[in-house]
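Chemist: If you scroll down you'll find the structure; I have some questions about it.
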Amino acid sequence: MLQLGPNLSSARCLAPVTSSTEHSKFLAGTVGAKDNVVCLLEYDDQETTIVPTMYSHPEEVWDIVSCPEDENLLFTSHSPVAGNPLKKRATLWRKPAADNTTQDQRHELAALVTLEQEGIRKVLWDPKDQGRQIIAIDASKIYLASMNGVDCQNILTMDVSSTFSTEKTNSTSLRQLQNAVWNPHQPEIIAVGDRAVSGWDLRSGKSTFSRTDAHKSTIRAIDCNPNKPYCVVTGGDDAMVNIWDVRQLSQPTMAVEGHSHWVWSVAFNPLQDQLLLTSGSDTLVNLHNVVSVSSASFIDSSSEDDVDSQADDYERNAEKPTDGLICTYDQHEDSVYKVAWSPADTWTFASISYAGRVVISQVPTSEKFKILGV
């Protein structure tokens, strides 16, 4: 567990350093009244310690993402302290080369380019194109751009506001684009806004699917199953987590309960996609097993013919993972805005709360052994 400092207590974003496959690293950003930072967090699983490296950031950091090919590059979505958060800008930064200075020393980030659009709340790197393309989203539009060094050129702009519900709410901010994720299986972006979830083709700019009442209230969280095409998870202000097959959106393939307030973050495990993390403003992080709607369900069904006897079958089934809540992590005392799996260790993940507390946790050993079949 790490506190980002007494004067840096507020935080809203956390992201894995996806290019670091040897060591578990995460990036966090603060939204304090002053002295905001981007913090690189490296988890030492031998010593069970978190080693932080602080980088000064001139404005409040609302979102952060690491380049999938170069861990020294990162985008932040930011706004001036006490300024209008709706006028966020997105900037590409480069971290300085590592040195032997003490970890308490602040380092400086080098600004490489700031996107021309105003109101950018999130940037996504193309997971399959070596960081050569990005997606940026604002309140109603999705921008696809190419990256050539520090040069950013817009390729496609999609207005997705037509998929939002026209039903009036108390706040126009809830009828805006809230979040998006890059589909790892095809050139598509999947976005959520108001109570709607929709897909958008990055070649034609046209909608691929849409469901306008996917939740009973605003949807804030979205993720794609990295191992199972067409499988998407959403989390909303109705405290529900829904798993969808986007080819058939009449109803969720699974409804996951466990939160009592807004769901802020959902994340499939990159390798063991039956593991699903969720977090919310009820201060909780929940780890679920959703094996029946995961890619593991196909593996399990294909191996049933190999069972030699009823006794062996009973013994194997007794140790198999099943759907349900695995564990609740309650180390936070404020809204948990983000959960993220480690790219270096399948069983390790991080969470961050508004109080600036970062917690590194692990999947229980008993569940790990069930999944591995040992």
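Chemist: In Å and from the alpha-carbon atoms only, list the Rg and Dmax of the chain.
Modeler: Cα only, the chain: 20.5, 68 Å (Rg, Dmax).
Chemist: Something else now. Among T18, T322, what is the fewest-to-most ranking by other Cβ atoms within 10 Å?
Modeler: The most exposed by this proxy come first: T322, T18.
Chemist: Another question about this same structure. Just from its helices, what would the mean residue ellipticity at 222 nm be for the chain, if runs of 4 or more DSSP H residues each count -39500 (n - 2.57) and the sum is divided by every residue, rounded to the nearest 500 deg cm²/dmol?
Modeler: Rounded to the nearest 500, it is -1500 deg cm²/dmol.
Chemist: Excluding residues fewer than 8 places away in the same chain, name every one of the lysines whose C-alpha is closer than 27 Å to that of K370.
Modeler: K25, K228, K320, K338
Chemist: For the range 193-273, taking Cα atoms only, what is the radius of gyration to one decimal and the Dmax to the nearest whole Å?
Modeler: 12.4, 40
Chemist: Whole-Hz ³J(HN,Hα) for each residue in the range 244-253, computed from phi via Karplus 6.51 cos²θ - 1.76 cosθ + 1.60 with θ = phi - 60°, x for glycine and proline: what do you get?
Modeler: Calculated HN-Hα couplings, in order: 10, 9, 5, 7, 9, 9, 5, 7, x, 6 Hz.
Chemist: Quote the FRET efficiency, to the nearest 0.05, computed for E69 versus I155 with a Förster distance R0 of 25 Å and r equal to the Cβ-Cβ distance.
Modeler: 0.85
Chemist: With the Cα gyration tensor of the range 32-134 giving a ≥ b ≥ c as the square roots of its eigenvalues, does the rule (a/c under 1.5 for rounded; else a/b larger than b/c for prolate; else oblate) give rounded, prolate or oblate? Don't jump to the answer; show the numbers that get you there.
Modeler: Values: a/c = 1.97, a/b = 1.27, b/c = 1.55.
Oblate shape, in that a/c is at least 1.5 and b/c is the bigger or equal ratio.
Chemist: May I ask which residue of V51, N36, I371 lies farthest towards the positive end of the charge dipole of the chain, with charges of +1 (Lys, Arg) and -1 (Asp, Glu) on Cβ and the Cα centre as origin?
Modeler: N36
Chemist: Next question. Could you tell me which of rounded, prolate or oblate describes the range 137-255, using a ≥ b ≥ c as the square roots of the eigenvalues of the alpha-carbon gyration tensor, with rounded for a/c under 1.5 and, failing that, prolate when a/b is larger than b/c and oblate otherwise?
Modeler: Oblate is the answer for the range 137-255, as a/c is 1.5 or above yet b/c matches or exceeds a/b.
Chemist: Quick one: order D273, D44 by neighbouring beta-carbon count within 10 Å, fewest to most.
Modeler: D44, D273
Chemist: Hey, another quick one. Only counting other Cβ atoms within 10 Å, I'd like R211, R220 sorted with the fewest neighbours first.
Modeler: By the 10 Å Cβ count, ascending, the order reads R211, R220.
Chemist: How far, in nm, would the chain grow between N84 and H185 when pulled straight, counting 0.36 nm per residue and subtracting the alpha carbon separation?
Modeler: Using 0.36 nm per residue and subtracting the Cα-Cα distance, I get 32.7 nm.
Chemist: Going by amide H atoms built from the backbone, whose H comes under 5 Å of the H on L109, apart from near neighbours?
Modeler: S56
No lab work stands behind these numbers, since they all come straight from the coordinates. All figures in this text were calculated on a predicted structure; none of them were measured in a lab. Here the Cβ is made from the backbone with ideal geometry for all residues, glycine too, and neighbour counts use every protein chain on show.
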